[in-house]
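Undergrad: Can you read through this structure? Questions will come right after.
The values are calculated or read from the model by the stated rules, or taken from the named source; none is laboratory data. Note that the coordinates shown come from a computational prediction; the quantities given were computed from them, not determined experimentally. Ideal geometry is used to build each Cβ from the backbone, glycine not excepted, and the neighbour counts take in all protein chains shown. Side chains are part of the model used for accessible areas, which takes the heavy atoms of the whole protein and leaves out ligands, DNA and RNA. Shrake-Rupley method; radii C 1.70, N 1.55, O 1.52, S 1.80 Å.
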Amino acid sequence: MPTQIAVIGGGAGGVAMCLKLYDQISQKIVNNNSGEVVAEITVFEKAAVVGPGLPYSSPYKCHMLNFPKKIMMGVFDSTALDNAAEPDNSSAEDRETIYNSYQETVFPPRHLYGEFLANRAEQVQKAAKKIGVVITFRKGTEVLNVKKLSENQLQLETSAEETFIANYVVLATGHMESSRYRELKGSKGYHHNPFDAKKALESFDPKKDVVIIGTRKTAID
């Protein structure tokens, strides 16, 4: 049976996790000619769209990114997937117009990055099929509870009044550590915070200068 991986949250963190998982699996499986499904990744997102999340869904042009468009990429982006910030023909018809309208802009609006993340989600979903990995985005579905069933299985209860059994569960709901499901921390197969800021801080030299780009909530945190 294929390995079941559940990702809670379909914003920037959830998309980044899909890219990271694809990158790791593709290094082990160059091409799956047998058609066998080796892993199923299910992303649960309570909003109607995957990618932008709360930070990059603002429609206002004055809400700009704090990094230049030329380095636009998904956090922990895949090295095995083409990283060009170009529109995908399978996406919304007006996506090309959106990208072209900000072609000369160095720091584009935050919603453009949200569009980019949505595009990356579509790209990795298609590419993953070639190596036997099925990525499913469950939009409009909120995970209400997670509990451990056995050594190798965890159960998710959703807003659709259903249960989902997974071998691995990744909580990717934001840059700050969530207070939810803390009782599962340390459990096999459960990853409470895939992008641990504390680990990153351990590599900082306190005797050297640190530059923080941006002055909003993330910078304060």
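Undergrad: Any chance you could check the Cα centroid distance between the range 1-28 and the range 102-167 for me, in angstrom?
TA: Cα centres, the range 1-28 to the range 102-167: 8 Å.
Undergrad: Where Lys and Arg each count +1 and Asp and Glu each count -1, what net charge lies around VAL133 among other residues with Cβ under 14 Å from its Cβ? Write out the running numbers ahead of the final one.
TA: Working: positive: LYS20, LYS28, LYS126, LYS129, LYS130; negative: ASP23, GLU36, GLU40.
Within the 14 Å Cβ shell, the charges total +2.
Undergrad: Solvent-accessible area per residue for the range 102-169 at a 1.4 Å probe radius, Å²?
TA: Numbers: 3290 Å² over 68 residues.
That works out to 48 Å² for each residue.
Undergrad: Sticking with this structure for a sec: How would you rank 105-112, 22-29, highest first, on the average number of other Cβ atoms within 10 Å across their residues?
TA: Numbers: 105-112: 17.8, 22-29: 15.2.
Averaged packing, sorted descending, gives the order 105-112, 22-29.
Undergrad: Now, a different point. Could you give P(r) for the range 12-54, binned at 5 Å from zero, as whole percent values over all Cα-Cα pairs?
TA: Calculated P(r), rounded to whole percents: 5, 18, 25, 19, 14, 12, 6, 1.
Undergrad: Here's something else I'd like to know. Between ASP205 and GLU36, what length comes free when the chain is fully extended (0.36 nm per residue of separation minus the Cα-Cα distance, one decimal in nm)?
TA: Values: separation 169, 0.36 × 169 = 60.84 nm, distance 4.67 nm.
Contour length minus the Cα-Cα distance gives 56.2 nm.
Undergrad: Distance cut-off 20 Å, Cα to Cα: go down the list LYS28/LYS130; LYS46/LYS199; LYS28/LYS126 and report the pairs above it. Please list the in-between numbers first.
TA: Details: LYS28/LYS130 13 Å; LYS46/LYS199 29 Å; LYS28/LYS126 18 Å.
In this structure, LYS46/LYS199 lie more than 20 Å apart at Cα.
Undergrad: From zero outward in steps of 10 Å, how is the percent of C-alpha pairs of the range 126-185 spread across the bins?
TA: Binned Cα distances yield the sequence 17, 45, 33, 5.
Undergrad: PRE reach from GLN155 (point 7 Å along Cα→Cβ): which of the range 1-30 fall under 20 Å by backbone N?
TA: 4-8
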